[in-house]
Amino acid sequence: MAQRVFFVSSTGRVTYGGRYAGASRSVGMVVRTLNLGLQTDMAVQIYGGLEVGGNATVTGMDEYPSNWANCPAASGSQKAVVAKDTSLVYTRGGGQIVGNPAETQDTSLNAQDFLQYGDVSFDELKALAEKVYPAGVTVNNTAPALTQDGRCDKSVRENWGAPTDPTSPCHFYFPIIYAQGNLTISSSSSGQGILLVEGDLKIAGGFQFNGLVIVKGTFETGSGNAQVNGSVIVYSGGSLGVSTISDLTGTPIVSLGTCAIKRAEEYNTAVSRAIPLSTRAWIDLSGAGTSSN
């Protein structure tokens, strides 16, 4: 069928005795897989201003954690920062923006580019979140958690996967995490998946995140050597004003990671599942005289 569109059929048979023994019924359904339409050619996309200071680095060099296996070949140096107005993007001190090119201006950027991702909107994504944090919370520690029988315990809110341990049952767990307002992460732990922030995001310490970060407000780093590998989308509240400038200080590294982006989508069942077409999705194959075999 068409790209991302599939026909699924199912047949049920009566296997016990009785008047209907041997009877069968077949139904079919046309489904499509969701498409997040995530761009994998930029480290940061930002609506408002961005200041990269201290010894912070934003790089478009595609890379992935050294202990990750079976990632596709890296795509080399890509765009570091894509902004609506690059006159609002600058460095100070030892801050660096490195890429090919380092800065790209796209005056056509609008709300859709920050809040709509292929078939799915920000609001639809947050409704799928497995981890939800109230506004104003500070996350001090995230760590993989296991059930008593050794499986990844996805019910634990602080379980954001195990990006640094390929042997962990949580290594391929990429949850959707949603903060209902401002979020501060102050820890030396790690996480992975899709991080959605309704307000502003601040990361301090040595926290490491792999995947997609979407911030409706501003993005800030403090002291420490935090790392984000994947892509960061910052809406800046839809404003070009001074009050919505995102500020990276300390020694953080924000780098493009196409493998992390793809895994955040492909290893999350909520966004990689198939869904029925909105109309005329199913058919009674038995009634139509068509066999599913």
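Does segment 221-264 come out rounded, prolate or oblate by the C-alpha gyration tensor, with a ≥ b ≥ c the root eigenvalues, rounded set by a/c under 1.5 and, if not, prolate when a/b is larger than b/c and oblate if not?
Because a/c hits 1.5 or more and a/b fails to exceed b/c, segment 221-264 counts as oblate.
So what's the net charge close to Gly181: Lys and Arg +1, Asp and Glu -1, counting the other residues with Cβ under 9 Å from its Cβ?
Net charge around Gly181: -2.
If we count every other residue with Cβ under 13 angstrom of Thr147's Cβ, Lys/Arg +1 and Asp/Glu -1, where does the sum land?
Net local charge, Thr147 excluded: 0.
Once you have a ≥ b ≥ c as the square roots of the Cα gyration tensor eigenvalues for segment 1-133, tell me rounded if a/c is under 1.5, and otherwise prolate or oblate according to whether a/b is larger than b/c.
Cα axes put segment 1-133 in the prolate bin.
Give the lysines whose C-alpha is closer than 20 Å to that of Lys79, dropping any in the same chain fewer than 8 places away, or say none.
Lys262
Can you give the net charge of the other residues whose Cβ lies under 14 Å from the Cβ of Val98, counting K and R as +1 and D and E as -1? If you can, show how the numbers build up before the last one.
Values: positive: Lys79; negative: Asp62, Glu63, Glu103.
In short, -2.
What full-extension length gain, to one decimal in nm, is calculated for Gln39 and Ser108 as 0.36 nm per residue of separation minus the Cα-Cα distance?
Working: separation 69, 0.36 × 69 = 24.84 nm, distance 1.60 nm.
Between Gln39 and Ser108, full extension yields 23.2 nm more.
Applying 1/(1 + (r/R0)^6) with R0 = 51 Å to the Cβ-Cβ distance of Asn55 and Thr11, what FRET efficiency is obtained, to the nearest 0.05?
So, using R0 = 51 Å, E works out to roughly 0.20.
Which whole-Hz couplings ³J(HN,Hα) result when phi for each residue of segment 179-193 is put into the Karplus expression 6.51 cos²θ - 1.76 cosθ + 1.60, θ = phi - 60°, listed in order with x for Gly and Pro?
Coupling constants for segment 179-193: 9, 6, x, 5, 9, 10, 10, 10, 6, 10, 8, 8, x, 7, x Hz.
Among Asn225, Asn67, Asn55, which one shows the highest mean-square fluctuation when the chain is modelled as a Gaussian network with alpha-carbon springs under 10 Å?
Fluctuation is largest for Asn67.
For Ser24 and Asp123, what does the FRET efficiency come to when R0 = 51 Å and r is the distance between their Cβ atoms, rounded to the nearest 0.05?
Plugging the Cβ-Cβ distance into 1/(1 + (r/R0)^6) gives 0.75.
Every number here is computed from the coordinates shown, using simple stated rules; none is lab data. As the structure is a prediction and not an experimental result, all values here were calculated from the model. Positions of Cβ are backbone-derived with ideal geometry, glycine not excepted, and every protein chain shown enters the neighbour counts.
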